[in-house]
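For reference, the structure discussed in these notes is given below.
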Amino acid sequence: MSQIRLKIAIQKSGRLYEDSVQLLKECGIQLRNVKDRLRTEADNFPLEVFFLRDDDIPQYVEDGVADIGIVGENVLQEKNKKAFVVEALGFGKCRLSLAIPRAEEYEGVQSLQGKKIATSYPFILQEFLKEHNVTADIHEISGSVEIAPGIGLADMVADLVSSGSTLFMNGLKEVETILESQAVMISNIALSSEQELILQKLLFRIRAVKKAQKNKYILLNAPNDQLTQIIGLLPGMKSPTVLPLAIEGWSSVHSVLSEDTFWDIIEQLKEAGAEGILVVPIEKMIV
Ligand code: ATP
Ligand code: ZN
């Protein structure tokens with residue numbers, strides 16, 4: 001009997017490749033022959049992996065050639081294909097922004113009227129302009145969009161930005177965000193119940209990995225007379241674990257802290273008399 005496998009499409013090479021493979025690895029899924037990079041199967045999970053250009057992934061998922069895929073929201077919106085977003089993955093963060101030559105003044109979306117804008121995202125840009133009742137001349141180019149104004153091909157660009165350094169190096173400044181984007185897991189809209197079950201298993205693991213990445217395990221020593229105050233500072237999954245130390249009058253306190261509040265709490269713990277604070281990464285976290 002052939003085993004049912006869920007087919008996932010991920011980027012073949014490029015900005016999403018490493019993080020996508022890494023995520024599967026952290027979910028305990030071992031891939032065979034990642035090097036030949038066309039397709040591979042997992043040894044220990046019912047998953048088959050296709051390596052594709054990111055632009056093609058929404059189409060493959062809509063057609064059911066792949067059941068699920070990992071792609072940027074920017075590409076998903078641009079391709080406008082039928083697929084469900086099942087999980088935001090937190091990597092590949094960027095934004096699609098309008099950028100104009102640095103020396104120019106920006107006078108709002110209305111000033112785009114009649115301008116020539118170079119982009120690889122004509123559909124998203126068109127929708128954005130329509131929303132603002134602006135008509136502009138969209139010039140579609142597939143790569144190196146940022147050089148278009150410099151060579152006289154366009155007045156401005158709508159391009160992906162993360163740090164802004166590429167724009168800066170090309171004499172441009174970012175003036176408007178059109179879309180905020182990150183990598184998402186998408187799924188075909190009509191998975192079979194068996195496929196749905198595998199997807200839920202995979203999502204369960206992904207959520208445990210993501211949660212663990214946002215939290216740290218903390219161990220510290222506390223003088224017993226300060227214990228109430230110290231415990232009050234620590235949220236923990238239920239409540240902190242408190243164990244007596246071999247030395248009289250001291251306890252060991254264990255807890256889980258989220259990354260966002262981490263440094264604030266550490267400082268307060270020190271002030272409250274905590275010593276020997278250890279902070280350890282968490283591999284998986286199931287609540
Ligand atoms: P492919 O060969 O698969 O078509 P590509 O050249 O279109 O690759 P990459 O540059 O590898 O794409 O980017 C893939 C995705 O990474 C983008 O669609 C976007 O979602 C995300 N990304 C994150 N930061 C950036 C950035 N600074 N510039 C471009 N894309 C970024
Ligand atoms: Zn692409």
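The values are calculated or read from the model by the stated rules, or taken from the named source; none is laboratory data. Computed from a predicted structure; not experimentally measured. Cβ: placed from backbone, ideal geometry, glycine included. Neighbour counts: every protein chain shown. Heads up: the accessible areas ignore ligands, DNA and RNA and are worked out on the full protein's heavy atoms, side chains in. Shrake-Rupley method; radii C 1.70, N 1.55, O 1.52, S 1.80 Å.
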Spin-label pair E180/E271, simplified geometry with 7 Å Cα→Cβ offset, distance in nm = 3.0
Could you calculate the contour length gain from W263 to F168, that is, 0.36 nm times the residue separation minus the distance between their Cα atoms, to one decimal place in nm?
-> 30.9 nm
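Over the chain, what is the relative contact order in percent, taking alpha-carbon pairs closer than 8 angstrom and at least six residues apart? Before the final figure, lay out each step's value.
Working: 546 pairs, mean separation 52.8, N = 287.
Relative contact order comes out at 18 percent.
Over the stretch 74-204, calculate the relative contact order: mean separation of alpha carbon pairs under 8 Å at least 6 apart, over the residue count, as a percent. Each step should come with its number before you reach the end.
Values: 221 pairs, mean separation 54.9, N = 131.
42 percent.
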If one compares the long axis through the Cα atoms of helix 262-271 with the longest principal axis of the Cα atoms of the chain, the angle in degrees, nearest 10, works out at 30
Leaving out same-chain residues fewer than 8 places away, which aspartates and glutamates sit with a Cα under 14 Å from that of K81?
-> D54, D55, D56, E62, D63, D67, E73
Roughly speaking, to the nearest percent, how much of the stretch 216-287's 1.4 Å accessible area is carbon and sulfur?
-> 56
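Per residue, how much accessible surface does the chain expose to a 1.4 Å probe? Answer in Å², no decimals.
Values: 15660 Å² over 287 residues.
Spelled out: the 1.4 Å probe surface of the chain, per residue, equals 55 Å².
Nothing charged except the Cβ atoms of Lys and Arg (+1) and of Asp and Glu (-1): what's the magnitude of the dipole of the chain about its Cα centre? Round to the nearest 20 debye. Show your work: numbers first, answer last.
Details: 30 positive and 40 negative charges, 172 e Å.
Approximately 820 debye in magnitude.
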Relative to the longest principal axis of the C-alpha atoms of the chain, give the angle of the C-alpha long axis of helix 193-213, reported between 0 and 90° and rounded to the nearest 10°.
-> 70
Coordinate range along principal axes, alpha carbons of the chain, Å, largest first | 78, 62, 33
When the label point is put 7 Å from the Cα of S111 along its Cα-to-beta-carbon vector, which residues of the stretch 169-190 have a backbone N closer than 15 Å?
-> 172-177
Against the longest alpha carbon principal axis of the chain, how many degrees, from 0 to 90 and to the nearest 10, is the axis of helix 122-131 turned?
-> 90
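Which number do you get for Rg(Cα) / (2.2 N^0.38 Å) in the stretch 46-135? If you can, show how the numbers build up before the last one.
Working: Rg = 16.7 Å, N = 90, 2.2 N^0.38 = 12.2 Å.
Ratio of Cα Rg to 2.2 N^0.38 Å: 1.37.
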Hey, any idea what % of the stretch 94-181's accessible area is carbon plus sulfur with a 1.4 Å probe?
-> 47
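For the stretch 215-281, divide the Cα radius of gyration by the Kirkwood radius and give the resulting Rg/Rh value with two decimals. Don't skip to the end; give the middle numbers.
On the way: Rg = 10.8 Å, Rh = 11.6 Å.
Rounded to two decimals, Rg/Rh equals 0.93.
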